[in-house]
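> Just passing along the structure, written as structure tokens.
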Amino acid sequence: MITTAERPSRSGSVTIDASYLSLTCGAIGALVYGLGCLAVWITPEGTRLAWGLQVVGPLLVAVGLSTQLEHMARRIGSWAVRLGIIGLFVWAVSGVPFLISPESYASPGWNQVLYLAWSAAYLLFALALFLVLGRKESRLEQGGATGDAGIHASFSSLTLGAVGWMLFGLGFLAYAEDLVGTRFAWGMQAAGPILLALALATHLDHLARRLGVAAVTVAIVGAGVWSLTTVAFVFDPPLAQSATWGPLCFWGVYGAGIVLGGVSGVLVIARKARATRGRQQPPR
């Protein structure tokens, strides 16, 4: 079933109804945040620029979602969208103390605040996806296949995504309680992005028709890179305290994965631009 979220063009390909503003905010937001993480890797004590990028990035993504609020609310439910936006704001605000005073990053107390905020943001994302899952099930019960209009993601992909964000959030909750790090905390932080990558992979055909194979592939690779952030720490927890490997894995690899997510967004924008030009050309 085709909804307003995906219309076939004259050529039969599926168009992208998300606005250029929302797509641009999302792509730039991911790129900016990822670069902020890479900056912390390069300067482990952190700088105002690095933390400023980490504040601005999620805010831009939140603005992008806000511009699509009405449209997305009709499809997946207003509370799911609102929780996602709130989670992004929590994510952004977590970096404000370090933007004001980069020296605070050396404080265990402020580190706990940072990781608790991250945990809260990721758990809000998980809750949002669980709400989408419940909405999809409710629509199917009420109207069969036609009642599922607007939610094309499968139950498996939604479940993998929700559980992935939940595990990632719980991993940071455990890390906030023990800043030395444990196999449990690192394992949860590794498992979460792996499940997110699987969520995208299980929905590959549909997403590829809408967003393009290149964009979806880059997003999956980005999630895979992201999952490598703490894998080494699972096998050797003390490695997280290494002055070299700790920042490289925790901030560098993580930032690279997020940057790939931003590149995926840029590819989606390029695909939308090509489709728009194609529709504007007169038929031969």
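The values are calculated or read from the model by the stated rules, or taken from the named source; none is laboratory data. As the structure is a computational prediction, the values presented were derived from the model and not from experiment. In this analysis, Cβ positions are derived from the backbone assuming ideal geometry, glycine residues included, and neighbour counts consider all displayed protein chains.
> What single numbered condition from (1) out of contact with any helix residue (DSSP H, G or I) (no Cβ under 9 Å at 6 or more places or on another chain); (2) farther than 21 Å from ALA73 by Cβ fails to hold for PHE233?
Here PHE233 clears every test but (1).
> On the given criteria, is TRP165 surrounded by 18 or more Cβ atoms within 10 Å (Cβ to Cβ) and either in contact with a helix residue (DSSP H, G or I) (Cβ under 8 Å, 6 or more places away or on another chain) or within 23 Å of VAL40 (Cβ to Cβ) (or both)?
yes
> Filter region 107-125 for residues that are aromatic (Phe, Trp, Tyr) and out of contact with any Pro (no Cβ under 8 Å at 6 or more places or on another chain); which is farthest from PRO193 (Cα to Cα)?
In this case the residue turns out to be TYR115.
> Sticking with this structure for a sec: Please go through region 116-157 and pick out each residue that is assigned to a helix (DSSP H, G or I), hydroxyl-bearing (Ser, Thr, Tyr) and either modelled with pLDDT under 95 or touching a Ser or Thr at 6+ places or on another chain (Cβ under 8 Å) (or both).
Matches in region 116-157: SER138, THR146, SER156, SER157.
Residue-by-condition table, conditions (1) in a helix (DSSP H, G or I); (2) of a type outside the set (A, V, I, L, M); (3) under 16 Å from the mean Cα position of the chain (by Cα):
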{"site": "LEU173", "(1), (2), (3)": "yes, no, no"}
{"site": "GLY181", "(1), (2), (3)": "no, yes, no"}
{"site": "ARG210", "(1), (2), (3)": "yes, yes, no"}
{"site": "VAL221", "(1), (2), (3)": "yes, no, yes"}
{"site": "ALA232", "(1), (2), (3)": "yes, no, no"}
{"site": "ALA243", "(1), (2), (3)": "no, no, no"}
{"site": "LEU248", "(1), (2), (3)": "yes, no, no"}
{"site": "VAL259", "(1), (2), (3)": "yes, no, yes"}
{"site": "ALA270", "(1), (2), (3)": "yes, no, no"}
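> Quickly run through region 216-228 and pick out the residues that are surrounded by 21 or more Cβ atoms within 10 Å (Cβ to Cβ) and not β-branched (Val, Ile, Thr).
ALA219, GLY222, ALA223, TRP226, SER227 - these are the residues of region 216-228 that are surrounded by 21 or more Cβ atoms within 10 Å (Cβ to Cβ) and not β-branched (Val, Ile, Thr).
> Let me confirm something: among PHE130, PHE125, which residue is touching a helix residue (DSSP H, G or I) at 6+ places or on another chain (Cβ under 6 Å) and farther than 19 Å from VAL61 by Cβ?
PHE130
> Which numbered condition trips up CYS37, out of (1) under 14 Å from the mean Cα position of the chain (by Cα); (2) modelled with pLDDT of 95 or more?
Only one criterion in (1) under 14 Å from the mean Cα position of the chain (by Cα); (2) modelled with pLDDT of 95 or more is unmet by CYS37, namely (1).
> In a helix (DSSP H, G or I), of a type in the set (A, V, I, L, M, F, W, C) and under 16 Å from the mean Cα position of the chain (by Cα) - does that describe any residue in region 93-103?
Checking region 93-103: not a single residue is in a helix (DSSP H, G or I), of a type in the set (A, V, I, L, M, F, W, C) and under 16 Å from the mean Cα position of the chain (by Cα).
> Looking only at region 68-80, decide whether some residue is on the phi < 0 side of the Ramachandran plot, touching a residue at least 24 places away in the same chain (Cβ under 8 Å) and of a type in the set (Val, Ile, Thr).
Yes, region 68-80 contains at least one residue that is on the phi < 0 side of the Ramachandran plot, touching a residue at least 24 places away in the same chain (Cβ under 8 Å) and of a type in the set (Val, Ile, Thr).
> Looking at region 201-217, I want the residues that are without any contact (Cβ under 8 Å) to a residue 12 or more places away in the chain and at negative phi and have a partner that is of a type in the set (Val, Ile, Thr) and crowded, with 17+ Cβ neighbours inside 10 Å with Cβ atoms under 7 Å, at least 6 apart or on another chain. Which pairs are those?
Within 7 Å, the pairs are LEU207/VAL216; ALA208/VAL216.
> Right, something else. Within region 28-54, count every residue that is part of a helix (DSSP H, G or I) and surrounded by fewer than 22 Cβ atoms within 10 Å (Cβ to Cβ).
Looking only at that region, the number is 10.
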